Amino acid sequence: MMMFGTDPVAVDAVAHEYLVKVRIERGVQEFDNARNREYLDLAAGLGLGAALREKIDLREIALA
């Protein structure tokens with residue numbers, strides 16, 4: 001999987017969401033702790049990008 005975007009905070013937020021989901025599925029992690037998202041909220045608060053999923057325009061492209 002490759003992730004690209006014009007908003008680095010949004011890319012990090014989507015990647016974080018995906019990684020937490022996979023870690024929970026594999027039993028490595030039990031839940032998503034809000035403290036793990038602090039860097040995203042801080043970056044969004046500084047106006048560096050969008051950290052909330054509902055503000056992110058995600059488009060998936062399947063190759064071949």
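Identify, please: which residue in region 24-64 is at positive phi and modelled with pLDDT of 95 or more and is, among those, surrounded by the most Cβ atoms within 10 Å (Cβ to Cβ)? Looking at residues that are at positive phi and modelled with pLDDT of 95 or more, I get 49.
Filter region 1-23 down to the residues that are of a type outside the set (A, V, I, L, M, F, W, C), touching a residue at least 24 places away in the same chain (Cβ under 8 Å) and assigned to a helix (DSSP H, G or I), then identify the one that is surrounded by the fewest Cβ atoms within 10 Å (Cβ to Cβ). Ranking the candidates gives 8 first.
The values are calculated or read from the model by the stated rules, or taken from the named source; none is laboratory data. It should be emphasised that the depicted structure is a prediction, and the values quoted were computed from it without experimental measurement. Counting neighbours? That spans all protein chains shown, and the Cβs are built from the backbone with ideal geometry, glycine included.
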